[in-house]
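We did not get these values from a lab; they are worked out from the coordinates using the rules stated. Only a predicted model underlies this, so the values are computations on that prediction, with no experimental measurement involved. Every residue, glycine among them, receives a Cβ derived from its backbone with ideal geometry; neighbour counts consider all protein chains shown.
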Amino acid sequence: MRKNFSRNHNASYKHRFFSLLLIPLAFLIKWLMSLSPEFTEKYYSQGIYKFIMQPVSRLTGLVPFSVAEIFAILLVLYIPARIVYLIIHAARARKWSVFLPWISNMVFIVSLVFFLQTILWTIHYERLPFADSSGLEVRDSSVDELEALCRALIEDTNLLREQVTEDENGVMKLDGGFKKMAAQAELGYDEIQKHYSFLAGTYGPPKPVLLSRAMSHTNIIGIYISFTGEANIDIDIPDSEIPSTAMHEMAHQRGFAREDEANFIAYLTCMAHPDASFKYSGSVLALQHSMNALYIADSTRYFDMIKLYSPGYLRDLEYQHAYWKQFQGAAKDVVDKINDSYLKFNGETDGVKSYGRMVDLLLAYHRQGAL
C-alpha cells in the first residue's frame, strides 16, 4: 500500500517558518538578563555558561585545527552549489516552488543559530563590568596621569624587548613559533586567576586559522566561535601581536564579550605569563592603546614620548605598519562597518571606538601601583 506523504511534507516545511519566533524569544531572554547584571554574572557567566562551554571547548581542543573554520569553508562551498542545483532542477521542472523547502530550512537554521548565539554568547554583554568584578576604580583621568601611564609602559616595553628573540632583520619573532605559544598560553591564566578567581577555567588552546592571509584582509586578527568554544588566531600577523591576540580570544572563551575588557584581560594575562614573549606582546598592546589616547589628548606630549622608544621596539613598530599597510582596502572597510554595527547592536554604544576604553582600565590599574 502506498501512502501520500505530500501533504505532510508541505506542512512540515511550512511549520519551519514558525522558527522565526526564536528571534524575538532571544531578544526577550537577553533583555531579562540585562535587568540584573549581578544575577547574569553569578548564574550565567560564572555558572551555566562555564558548565556548558568548558567541555565543548576541551573537546574541540583535541584537534589542532579550527573545527569552526573547516565547517565555514564547507558551508561556503555548499550553499552556492546547492542554489545552482535548485535553479537547474526548478528550470527543468518549470516549478519554482522547489525552493520553498530549502528556504524554510534556511529560515529554521538562521533562527536557531541566532537563538543559540544569544544563549551561548551575547548574554555576556549583560554581565557585570570587569571593573566591578575586579574592584578597579574607573574614573576620569588627567592628561598627566595618561602621560605617566605611557611612560611606565614604554619603560616596560623597552626592557622586555631586550629579552625576546629576533629574526635576521632584527624584528621580534616567537621562539618556537605558534605551536609552542599556543601550548603555553594557558600559563598566563593559571597565574592571573590567583588574583582574579573569575578568570579561572579550563578551555581548549588557541587555534591557527588556515586562511590567515585572507583573514588579514578583513583586519580581524582573532575570532572566538561560541558554538565550538574555539579561540581562532590569524597567524600571518607580526609575531609581536600573536600572544596578546591569543590571550584576548581566550578572554572571550571565559565569557568576557566586551572588546575593551578582553584587551585589558589580554594585557593582565600576558604580564602574568612567565615567558618574555607574552609579556612583551601584552606590553605592546597596552602601550599602543595608551599612546593612541595620548595623541588625541595632547599630540605634543605624544611625540615627546615616541622619542623614548627603544631601537628594537621601533623596528617592530615599523614592521607592523608595513604589514598592515598592504591590507588597506574595500574588504577592511566593509568588515569594519559590520563589526561596528555588531558591537553597537550588543550594547557597546561607541562601536569600534569602545576599544579605546581599555585605557581607562589601564589607568585604574596603574593608580593601584600594579603597573
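With runs of 4+ DSSP H residues as the only contributors, calculate the mean residue ellipticity of the chain at 222 nm using -39,500 (n - 2.57) per run, divided by the residue total and rounded to the nearest 500. Mean residue ellipticity at 222 nm (helix-derived): -19500 deg cm²/dmol. Charge dipole of region 130-367 (Cα centre as origin; +1 on each Lys and Arg Cβ, -1 on each Asp and Glu Cβ, all else neutral): 340 debye, rounded to the nearest 20. Among M305, M358, M247, M106, the ranking by other beta carbons within 10 Å of each residue's beta carbon, starting with the fewest, stands as M106, M305, M358, M247. Here the chain carries DSSP beta bridges of which approximately 75% are antiparallel, counting only pairs with both residues inside.
Sorted on the mean count of surrounding Cβ atoms within 10 Å across their residues, most packed first, peptides 215-222, 231-238, 136-143 read 231-238, 215-222, 136-143.
Shape analysis of region 130-367 places it in the rounded category; the axes a ≥ b ≥ c from the Cα gyration tensor give an a/c below 1.5.
Averaging Cα coordinates gives a centre for region 170-202 and one for region 103-149; these two points are 22 Å apart. Taking amide H positions as modeled 1.01 Å from N, with prolines and chain starts lacking one, the residues under 5 Å from A231 and 5 or more places away or on another chain are K207.
Remark: for residue pairs K50/K207; K42/K207; K207/K279; K42/K179; K179/K279, the C-alpha separation exceeds 26 Å in K42/K207; K42/K179.
Only Cα pairs within less than 10 Å get springs; with that Gaussian network setup on the chain, which residue of A68, A322, A251 has the largest fluctuation? Result: A322 has the largest fluctuation of those listed. Does region 6-126 classify as rounded, prolate or oblate by the C-alpha gyration tensor (a ≥ b ≥ c root eigenvalues; a/c under 1.5 gives rounded; else a/b over b/c gives prolate, otherwise oblate)? Oblate.
Scanning the chain for DSSP H helices at least 15 Å long along the axis (C-alpha atoms) with a Kyte-Doolittle mean no lower than 1.0 picks out 22-34, 67-93, 99-120.
Modelled label positions at L187 and H321, each set 7 Å beyond Cα in the direction of Cβ, lie 3.3 nm from each other. Residues K279, K42, arranged from fewest to most other Cβ atoms within 10 angstrom of their Cβ, appear as K42, K279.
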